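Structure in structure tokens, see below.
No value in this document is a laboratory result; all are computed from the given coordinates. All values reported here derive from a predicted model rather than from experimental measurement. Cβ atoms come from the backbone with ideal geometry, glycine included; neighbour counts cover every protein chain shown.
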């Protein structure tokens, strides 16, 4: 409890004698008697201040001596604040801020401030005291500060409670009362205050004598010898009690002793003797507690020792159980499993008993310590019961994991043995199959013609397909071997040798297969060579028929045509010669002299066929030479006839004077140009003649008139000749342009005819590549046709530039119109042909894609037909793996089917000529695809079903192993006796059996449902499935029968079994109830208090309900443990300890309940008081508010209004 201490500024004049000051009336200082009185009072105050300073200095030194420090002058040595901080640290036991180094005033002020701040934090009210007062050495404030410190740390905690009114006095009154109590009955001692009551020293001696009569002979002391009495008490207190001599006898033996100094000194007596009393009481208790403490220490030591040993054993066992290095054989793992069973039955049970003993020991220890009002022993972290239980749980977990690991390893070894047996079985099958196929591929029955050899090649491809498909099974053997090797199978060397033998046979088979493929290819090449010979002979026969014809031509062009054809025939003969040469060279490869090389047939046959081919070729060459000779002679004859006809035509042509075509007009134009050149060259000559005539006329020749006329006539004729020449030139040039137009039109017509033959062709290609080529050519033609529009436009412009008459203009317009119509027709035909080619391309793509998809469907249909689920899980998984790959191919080819359907829809939309065929092909492909998908889904269902069957068989085997294991555990309990040890052991063995049996029962129900489902899907497996289910049900019935027998054994134990079961249940309930009663929850409201009290009362009712069970259990336990034959049995000793602990716990529970009941009742009373107090406050608050008003009524109405409430 902390009390606020408020002090005012120190006034030494206050105290005894202050009545003089109260009676004093100021008269201006003129009265001498008043001055004398004032001087006497001042002297008394200074004397009292001196006594206080000396007392407080000693008191301070008595505390500073603990830190090897001392002061000489209270006013001076306290200025720096360091001694003040040390004093407060000694008194409070707390660390104050470190003093500031330095001796300057500011450093001193800072240190004093730290001390004063600490006092304020301790709720000490310092009024009018500042750090500067202490640093300046203010005497009154220094004394006041020390007195405040004494009050706070020495006097404040003194409290004495009066029994009558239960009021607690102040510290000063309590100290006075304590002194009165201690000096009561002593002669001449009457303590009424802390001043005059202590002058004679008897009170000091009485207090010492009260507590230590051996130190003071009080009866020899006299009231009149005060100095002796005071010195005797002070010396005894200092020498015998170790109390500092804060006062001197002269300071006390005065008329008015200083109250504060005496209080300060008496407080030291109070604290010393209070502490002495406490030590005396504690000393008496030590003797009683030491024995219990030693016994408890021994029990603690035993508990910690046994706990350490048990935890060490648990950790060691967990470590050993955590080892996963098992024997690498089935027999070794079975041996380790047997060792594990021995651990469970022999090594673990004693430790379980030891664990129970530790629980009893701790329970007993805590019960004793609670009974002695001691804090119950709490084991160290890591050694608590919970830690032991956790460690035991970890042990159980490690044991369970060890058992699971051993079971898994046992199952793994069994699976490895099964896997090894399956490997041997599969290896034998693979070796037999490989040997048979080696004999098959060693045979060379290829046949003696191309068809037979090709059939043999197809058969060989089928053999290769089967052999390569068998590679998965060979690899399955390798996979099994790899699995055995990776699982470290103990007989892996034999497995590896067997695998190497299978792989050697497989490699040899592949070599034989490659050699047979090579021989087959050689035979096929030979037969193809023979077939080529037949083709060449057939071609020779056809050419020979052409060479033996009698047609040598009916005219020169016919002969030329025959010669060209003969040249082509000769080229064909040359090509045949090359083919003959190649065939002969190829045939030489089969005529090797190496005896070890493969000979597909008799070399004589090859030689005879080659000779026959070469003779036929020589005959053909001879006939070709003879026919060329006859054709050359025929050409000479018809060439003569041709030359004579040419001469005749030339003559007729020359007879024509004027030509009517472009060539003739161009010839006439060239002749006209020559005439113009001649006229031009003749012009100078004419001009010279005209000049001579002019000169003759000028000279006045006699024939001037005739000359003039003649000259005029000649010049007129010359001009007419020039005009005629110009006009003829114009006509010839117009004729050239006119005929040139028609010549260009003829070229355009010829080009259009050639293009027409191309764009009107009915050839749309034989396959996709051919159509692509035709499309490329058609694109070139279309581009050329588009570009030819410029030529036609140029022809129109050319016609517009001509100067024509009506007839010529009509001919030109007619010809241009025909050209325009032909061009439009060509454009339409080009578009139509392009569309036909695109449709053909789409059709060929559709057919090609459909052929590819149908071929793939046929292959996969055949594959699905050959996929038959095997009789073991491995074959089924291989089938599932293959089917997963097939499913991916199905998804990939679904896009191809979508492409075919899209192309078909496009062609049907444009009304392709082959729409019926396209629709039929589309429907056929979709039907085949749907059939394949249905087969795939059905096959997938078959594989899943087969996998479920094999999984069911595996689960049956695992369930049988599980049940057999539980049977073995039950079998191990046959040798147990039905005494306490046997019953407890059997209970422990069967404790987890119910959970396991429930799991097995659920597994059996699941297997039964799965068996019914499989029987519906696989009737052929029904018999085997029923046998497996019957086997499981048989061993299950055996297990349940064994469990019933064990339960009946426990029932035979009768009361002992029920007693142990009830004891476990009661001890669990007792621990839980103690935990509930020991709750430290304190209600904070009335409803919560009532709720906790009701809950506590329900616990009492539960305790009363268990009272009868407790009595019966203790009676039976007493009878069971008091038998003479059970005194040395560890199990019965453990049971006795449990009963004793149970008895202590039962009594402790009642005591705890009573204590809790008192606490809750008090809490309820407190909450009821708080509720009533709050209600009272609510009722009084309006009245208080009303009465606090200061409004005074000024008239009668206001007064009535005030009185109305």
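Looking at the calculated P(r) for segment 438-559, what percent of the C-alpha pair distances fall above 17 Å?
Value for segment 438-559 (Cα pairs over 17 Å): 71 percent.
Given segment 203-264, report the % of alpha carbon pairs whose separation exceeds 15 Å.
Tail of P(r) above 15 Å: 49 percent of Cα pairs.
While we're here: Whole-Å semi-axes of segment 679-749's equivalent ellipsoid, largest first, each the root of 5 times a Cα gyration tensor eigenvalue?
After diagonalising the Cα gyration tensor, the semi-axes are 46, 10, 5 Å.
Work out how far the C-alpha atoms of segment 728-839 reach from end to end along every principal axis, then list the three figures in whole Å, largest first.
64, 20, 17
Quick one: check the C-alpha center-to-center distance for segment 435-487 versus segment 96-130, whole angstrom.
108 Å
Would you mind computing the Rg to Rh ratio of segment 159-257 from its alpha-carbon coordinates, Kirkwood style for Rh?
Rounded to two decimals, Rg/Rh equals 0.99.
Something else about it: Using only Cα atoms, tell me the angle between helix 603-655 and the longest principal axis of the chain; keep it within 0 to 90° and round to the nearest 10.
60 degrees
Pop out the Kirkwood hydrodynamic radius of segment 1055-1180 from its pairwise C-alpha distances, inverse of mean 1/r, in Å to one decimal.
Final number for the Kirkwood radius of segment 1055-1180 is 17.1 Å.
Still on this model: What's the center-to-center distance, using Cα atoms, between segment 889-965 and segment 245-263 in Å?
What the calculation gives is 120 Å, centre to centre.
Mind computing the radius of gyration and Dmax over the alpha-carbon atoms of segment 433-498? Å is fine for both.
Every Cα atom of segment 433-498 included, Rg and Dmax give 18.0, 57 Å.
If packing is taken as the average count of other Cβ atoms within 10 Å, what order do 297-308, 668-679 fall into, highest mean first?
297-308, 668-679
Quick one: compute the contact order of the chain, relative version, from alpha carbon pairs under 8 angstrom and 6+ residues apart, as a percent.
6 percent
Next question. In segment 416-447, whose amide N lies under 18 Å from the spot 7 Å out along Cα-to-Cβ of residue 458? List them in ranges.
Within reach of a label on residue 458: 445-447.
Between residue 865 and residue 396, what length in nm is gained on full extension when 0.36 nm per residue of separation is reduced by their alpha carbon distance?
Stretched out fully, the residue 865 to residue 396 stretch lengthens by 163.4 nm.
Determine, for each peptide in 607-619, 350-362, 790-802, the mean count of other beta carbons within 10 angstrom over its residues, then list the peptides with the highest first.
350-362, 607-619, 790-802
Would you mind estimating how fast segment 393-510 diffuses translationally, via Stokes-Einstein at 10 °C and 1.306 mPa s with the Kirkwood radius over Cα pairs, in µm²/s?
Taking Rh from Cα pairs, D becomes 92 µm²/s.
Using Cβ contacts closer than 10 Å as the measure, can you line up 847, 518, 533, 384 from fewest to most?
In order of increasing Cβ crowding within 10 Å: 518, 384, 847, 533.
Something else: Hey, can you rank 486-499, 206-219 by average C-beta count inside 10 Å, highest first?
For the peptides 486-499, 206-219, the packing ranking is 206-219, 486-499.
What translational D, rounded to a whole number of µm²/s, comes out for segment 1059-1101 from Stokes-Einstein when the hydrodynamic radius is the Kirkwood one over Cα pairs, at 25 °C and 0.890 mPa s?
Here the translational diffusion coefficient equals 207 µm²/s.
Between residue 190 and residue 1090, what's the calculated FRET efficiency when r is the beta-carbon distance and R0 is 41 Å? Round to 0.05.
With a Förster radius of 41 Å, E is 0.15.
Quick one: length gained pulling residue 1069 to residue 478 fully straight, 0.36 nm per residue minus the C-alpha distance?
206.5 nm
Below 8 Å, C-alpha to C-alpha, sequence gap of six or more: please give me the relative contact order for segment 159-257 in percent.
Reported as a whole number, the value is 21 percent.
For the chain, what does the helix formula give at 222 nm: sum of -39500 (n - 2.57) over DSSP H segments with n ≥ 4, over the residue count, nearest 500 deg cm²/dmol?
Roughly -28000 deg cm²/dmol at 222 nm, from the helical runs in the chain.
I need to check one value: relative contact order of segment 846-933, counting alpha carbon pairs closer than 8 Å and at least 6 residues apart, in percent.
45 percent
Moving to a separate point now. May I ask for log10 I(q)/I(0) of segment 799-899 at q = 0.18 Å⁻¹, from a Debye sum over the Cα atoms as equal point scatterers with solvent left out?
Debye intensities relative to I(0), on a log10 scale: -0.95.
I need the calculated FRET efficiency for the pair residue 507 and residue 941, taking r as the beta carbon distance and R₀ as 51 Å, to the nearest 0.05.
Step by step, r from the Cβ atoms, then E = 0.85.
Sticking with this structure for a sec: In whole Å, how far is the Cα centre of segment 170-201 from that of segment 999-1015?
Value for the Cα centre distance between the two parts: 98 Å.
Express in nm, to one decimal, how much length is gained between residue 421 and residue 294 on full extension, taking 0.36 nm for each residue of separation and deducting their alpha carbon distance.
In short, 38.7 nm is gained.
Using label points projected 7 Å from each Cα along Cα→Cβ, tell me how many nm separate residue 1023 and residue 742, to one decimal.
Going by the 7 Å Cα→Cβ label model, 10.7 nm.
Send over the Kirkwood Rh of segment 37-149, from the inverse of the averaged 1/r over different Cα pairs, rounded to one decimal Å.
14.6 Å
Additional query: Can you pull the three principal axis extents for the Cα set of the chain, in Å, largest first?
Per principal axis, max minus min of the Cα coordinates gives 215, 127, 80 Å.
What is the projected area of the convex hull of the Cα atoms of segment 846-933, averaged over all directions, in nm²?
Approximately 5.7 nm², given one-decimal rounding.
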